[in-house]
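Here is the structure we will look at, set down as structure tokens.
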Amino acid sequence: MKMRQLPLKNLLGRPGRTAALVLLTAFLALSVFGGSVVVRSLRSGLDSLQARLGADIIVLPASAESKVSFKDLLLQGTAGAFYMDASALDRVREVEGVEIAAPQTFLASLKADCCAVKVQVIGIDPDVDFTVKPWIDRSYSQGLDDMAVAVGCRVTADVGESLKIYDRYTHVVAKLAETGTGLDTAVYCNMDTMKALLAAAEEKGVSHKITSDDSDLISAVYVKVKDGYDVGLVNNRLNGHVRKATAVKARSMFTDVSDSLTGISRTVTLLIGAIWTLAFIILVIAFAMMAAERRREFAVLRLVGVSRRGLCGLILTESALCSLAGGALGVALAALAVFPFTTLIETRLGLPYLAPSIGAALLLAAGTLLLTLLVGALASAWAAWRLSRTDPGTTLREGT
């Protein structure tokens, strides 16, 4: 038998011990790869949302806070609907320090014919919008005509199809890139389309009126502050100038989310560190016990001409094979546990969650395999060094 075939033969000849080592390294790889994917997805989701939002301040009806958490408004889109008179937009624009004020109108979540999940209809003014419009332009730059809509990536209507909302048919012109938030199930249209949909909702008995007349309605105003102005000062001015409305600094909400994400990342990192420390100790003990059990076997190999270096190589190769098999198994199990359930993870955590691309996931998997191999080599190195220094004659005489 050739020397290079011996490590595999040894492992196959002791299936119980080999399976235990493979499962232990698989557990290590699963914890590292799964934890890394979750933390990376949370950070990517927050970065994506922050890049897409772009607003410094959000002005909402004073009654909005009783209907939806401002944090949920930022992270998950709006749940339900709330309204104020469109004249609030003019009052926002009158405040010193406001550079751009872009209105949005929300239509209450509903079950659309095309969708397995509720969708949120959001009306924007394409001429002034700086939050959603740049995001839509990446997929469709021809503008939103009347009854044309752009849909989030999780809405099951495709470009070119019709989407019925309150018995009104809209035309899907764009499907948007993933953000990792509830906005991926939203539908976007211009303000004229939103007026038609609000009227259709009224016909269905869903009332959105806030006054006795038919004045225009908006749900929120997204504000960009001029350079050189303090956001907090402008926010206070808006709260004092716009009646029946509440101005909220978007960045303060991001800070709260970032703090939550930091806490989750720290917890995951500590758990991974604890698992790896414990597993490394177990691996060292396992290889030491294996070495003690196989002392006579290695002594015979030394007597038939295997060098100390060759003996070390044999043990390290066995360790590498176990680590590689366990690492691949752990990565595969983590992928099956994480990637099919991104929506569920996002919902449970209540944070933006944007899964990594295939390329990024492959890099994480490769890094996990390398780390698993390194830990396996370190765990077996001491046993290999100790065995290579043992006198084979003494070992064999001890067994007689």
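For the stretch 273-382, which fully contained helices (runs of 4 or more DSSP H) count at least 3 residues that are at pLDDT 80 or above?
Numbers: elements: 295-303, 308-338, 342-349.
Counting at least 3 such residues, we get 308-338.
Output the residues belonging to the stretch 59-81 that are at pLDDT 80 or above and within 29 Å of the chain's Cα centre (by Cα). Walk me through it before giving the result.
Residues of the stretch 59-81 that are at pLDDT 80 or above, as a first pass: 59-62.
Answer for the stretch 59-81, where residues must be at pLDDT 80 or above and within 29 Å of the chain's Cα centre (by Cα): VAL59, LEU60.
Residue check, ASN236 against (1) more than 15 Å from ILE122 (Cβ to Cβ); (2) assigned to a loop (DSSP other than H, G, I, E, B), all met but one. Which one?
Among (1) more than 15 Å from ILE122 (Cβ to Cβ); (2) assigned to a loop (DSSP other than H, G, I, E, B), the lone unmet condition for ASN236 is (2).
Are there any pairs, at least 6 apart or on different chains, whose C-beta atoms fall under 7 Å, with the first in the stretch 231-243 and not assigned by TED's automatic domain parsing to the domain that holds VAL95 and modelled with pLDDT under 90 and the second among the basic types (Lys, Arg) and in a helix (DSSP H, G or I), and if so, which?
none
Just checking, which of LYS195, LYS164 is part of a strand (DSSP E or B), surrounded by fewer than 18 Cβ atoms within 10 Å (Cβ to Cβ) and either of a type in the set (D, E, K, R) or not assigned by TED's automatic domain parsing to the domain that holds ALA220 (or both)? It would help to see each step written out before you state the result.
Details: LYS195 fails: part of a strand (DSSP E or B).
After applying the criteria, what remains is LYS164.
Please enumerate the residues belonging to the stretch 170-210 that are at pLDDT below 90 and aromatic (Phe, Trp, Tyr).
Within the stretch 170-210, none qualify.
Taking into account only those residues within the stretch 142-157 that are under 21 Å from the mean Cα position of the chain (by Cα) and of a type outside the set (S, T, N, Q), which is surrounded by the most Cβ atoms within 10 Å (Cβ to Cβ)?
Only one residue tops the list, namely VAL151.
The values are calculated or read from the model by the stated rules, or taken from the named source; none is laboratory data. Because the structure is predicted, anything quoted here is derived from the model rather than measured. Using ideal geometry, Cβ is built from the backbone for each residue, glycine included, and neighbour counts are taken over all protein chains shown.
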